[in-house]
Amino acid sequence: MPELPEVEAVRRRLAPVLTLTRIADVDVRRPDLRLPFPRRFRARLVGQTVLTLTRRAKYLLAALSSRETLIVHLGMSGSFRVDAPHDVAADLDRHDHVVFRLASGAAVTFNDPRRFGLMTLLTPAQLARHPVLSRLGPEPLSPDFDAAALARACRGRKTALKVALLDQRVVAGIGNIYASEALHLARLSPFRRASTIATASGAPREGAERLADAIKRVLTTAIDRAEGAYRSSRFRVYDREGERCLRRGCGGIIKRRTQAGRSTFYCPVCQR
Ligand SMILES: [Zn+2]
């Protein structure tokens with residue numbers, strides 16, 4: 001399942017192909033993905049120019065010259081393929097559900113075997129009151145997200161710190177894997193109360209500084225990895241139950257526990 005780093009890597013790959021390019025045609029090869037495509041989907045896309053391609057949490061947002069925004073979620077198995085103008089495939093895979101044919105001659109194809117993906121078009125008013133997008137907390141890699149913002153969001157919260165990190169209103173797009181990874185890097189127990197990283201007035205304690213920094217670091221590293229900058233796919237704790245903690249001199253053994261229905265991986269020795 002693509003997490004924020006994989007979605008950001010997709011955005012970076014697609015942005016130069018799509019941005020300031022007119023959509024010449026769209027093949028919509030079935031009526032739905034997880035949900036039906038919106039009414040007149042093709043007609044609302046053809047002839048539009050993509051002004052910007054941005055990301056919020058795990059959603060891609062293509063702002064169109066019509067002022068509508070094309071929203072894409074990759075779901076469990078969605079991916080995009082870019083074919084250069086001289087290389088556009090004549091044969092499509094049976095899971096190639098949408099093909100964007102660009103005025104440049106390039107084609108961008110959405111493939112999704114399990115069809116949990118989502119594509120829709122929103123007007124500015126619909127975007128502003130979207131039940132998910134309008135309620136997201138700060139983007140973890142933006143300047144809006146720092147120790148102060150994290151502490152404010154965790155102030156007075158009695159839930160476990162890891163559960164708070166998965167709350168999209170606290171910080172947008174942190175999934176199960178990177179919550180465990182960031183907590184290990186920050187040496188914080190996933191089970192401590194979220195409120196313990198903030199003072200009673202909501203100011204950041206040292207743990208909030210370490211955690212905000214760790215979130216940015218694990219995501220930045222994972223984006224580099226998703227872009228193929230290096231091959232190591234080793235997580236710090238995720239999926240490493242029973243293996244030795246990678247922190248030098250720790251010697252702990254990674255444990256797994258179910259927390260709010262999800263697996264949490266942690267080192268009981270160095271995470272407090
Ligand atoms: Zn450890």
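Let a ≥ b ≥ c be the square roots of the eigenvalues of the Cα gyration tensor of the chain; is it rounded (a/c under 1.5), or, if not, prolate (a/b larger than b/c) or oblate?
Numbers: a/c = 2.46, a/b = 1.81, b/c = 1.36.
It is prolate, given that a/c is not under 1.5 and a/b is the larger ratio.
Across all directions of projection, what mean area in square nanometres is found for the Cα convex hull of segment 1-40?
So the Cα hull casts an average projection of 4.3 nm².
How far apart, in nm, are the 7 Å Cα→Cβ label points at THR49 and THR123?
2.4 nm
Taking a ≥ b ≥ c as the square roots of the Cα gyration tensor eigenvalues, with a/c under 1.5 meaning rounded and otherwise prolate when a/b beats b/c, else oblate, which class fits segment 3-110?
On the way: a/c = 1.13, a/b = 1.08, b/c = 1.05.
Taking the square roots of the gyration eigenvalues as a ≥ b ≥ c, segment 3-110 is rounded.
Classify segment 98-205 as rounded, prolate or oblate from the Cα gyration tensor: take a ≥ b ≥ c as the square roots of its eigenvalues, call it rounded if a/c is under 1.5, otherwise prolate when a/b beats b/c and oblate if not.
On the way: a/c = 2.74, a/b = 2.06, b/c = 1.33.
Judged from the Cα gyration tensor, segment 98-205 comes out prolate (a/c at least 1.5, a/b above b/c).
Cut-off under 16 Å on the C-alpha distance; same-chain residues fewer than 8 positions from LYS216 excluded. Which lysines are left, in chain and number order?
In chain and number order, the partners are LYS58, LYS162.
Nearest 10 degrees, 0 to 90: what angle lies between the long axis of helix 176-185 and the longest principal axis of the chain (Cα atoms)?
Between helix and principal axis, roughly 40 degrees.
Give me P(r) over segment 105-157, computed from all C-alpha to C-alpha distances, binned every 10 Å, as integer percentages.
17, 26, 33, 20, 4, 0
When the chain is fully extended, how far beyond the present Cα-Cα distance does ARG30 get from HIS86, taking 0.36 nm per residue of separation?
Numbers: separation 56, 0.36 × 56 = 20.16 nm, distance 2.61 nm.
Extending this stretch completely gives an extra 17.5 nm.
Within the accessible area of the chain, what % is carbon and sulfur when the probe is 1.4 Å and the other protein chains stay in place?
Details: 6490 of 13200 Å².
Result for the chain: 49 percent of the exposed heavy-atom area is carbon or sulfur.
Fully extended, how many nm does the chain gain between LEU20 and GLU241 (0.36 nm per residue separation, minus their Cα-Cα distance)? Display every interim value, and only then the final one.
Values: separation 221, 0.36 × 221 = 79.56 nm, distance 4.67 nm.
In short, 74.9 nm is gained.
Expressed as an acute angle from 0 to 90° and rounded to the nearest 10, what is the orientation of the C-alpha long axis of helix 4-18 relative to the principal long axis of the chain?
For 4-18 against the chain, the angle is about 30 degrees.
Pop a pseudo-label 7 angstrom from the Cα along the beta-carbon direction at both VAL132 and ARG67 and give the gap in nm to one decimal.
Result for the modelled spin labels: 2.6 nm.
Once the Cα atoms of helix 206-226 and of the chain are each reduced to a long axis, what angle between those two axes, in degrees from 0 to 90 to the nearest 10, is obtained?
Approximately 40 degrees, to the nearest ten.
Sorted by mean Cβ packing within 10 Å, highest first, what order do the peptides 78-85, 6-13, 177-184 take? Present the calculation step by step, with values, prior to reporting the outcome.
Working: 78-85: 16.1, 6-13: 19.0, 177-184: 25.6.
Top of the packing list down: 177-184, 6-13, 78-85.
Which of the peptides 34-45, 156-167 is most tightly packed, and how do the rest follow, going by the mean number of other Cβ atoms within 10 Å of each residue? Working shown, then result.
Values: 34-45: 13.8, 156-167: 18.5.
The peptides rank, most packed first, as 156-167, 34-45.
In the neighborhood of ARG101, defined by Cβ-to-Cβ distances under 15 Å, what is the net charge if each Lys or Arg adds +1 and each Asp or Glu adds -1? Walk me through the numbers on the way to the answer.
Values: positive: ARG22, ARG29, ARG42, ARG81; negative: ASP25, ASP27, ASP83, ASP87, ASP96.
Taking every other residue near ARG101 into account, the sum is -1.
Please give the length that would be gained between ARG205 and ARG169 if that part of the chain were fully extended, namely 0.36 nm times their separation in residues minus their C-alpha to C-alpha distance (nm, one decimal).
Answer, rounded to one decimal: 11.0 nm.
Report the far tail of the P(r) of segment 78-121, meaning the percent of Cα-Cα pairs longer than 17 Å. Each step should come with its number before you reach the end.
Numbers: 291 of 946 pairs.
I get 31 percent for the Cα pairs in segment 78-121 exceeding 17 Å.
How much mean residue ellipticity at 222 nm does the chain get from its helices, if each DSSP H run of length 4 or more adds -39500 (n - 2.57) and you divide by all residues, to the nearest 500 deg cm²/dmol? Walk me through the numbers on the way to the answer.
Working: 7 runs with 69 residues, N = 272.
Roughly -7500 deg cm²/dmol at 222 nm, from the helical runs in the chain.
The values are calculated or read from the model by the stated rules, or taken from the named source; none is laboratory data. Given the structure is predicted, the values throughout are model-derived calculations rather than measurements. All Cβ positions, even for glycine, are placed from backbone atoms using ideal geometry, and neighbour counts span all protein chains on display. Protein only, heavy atoms only, side chains kept; ligands, DNA and RNA dropped before computing areas. Shrake-Rupley method; radii C 1.70, N 1.55, O 1.52, S 1.80 Å.
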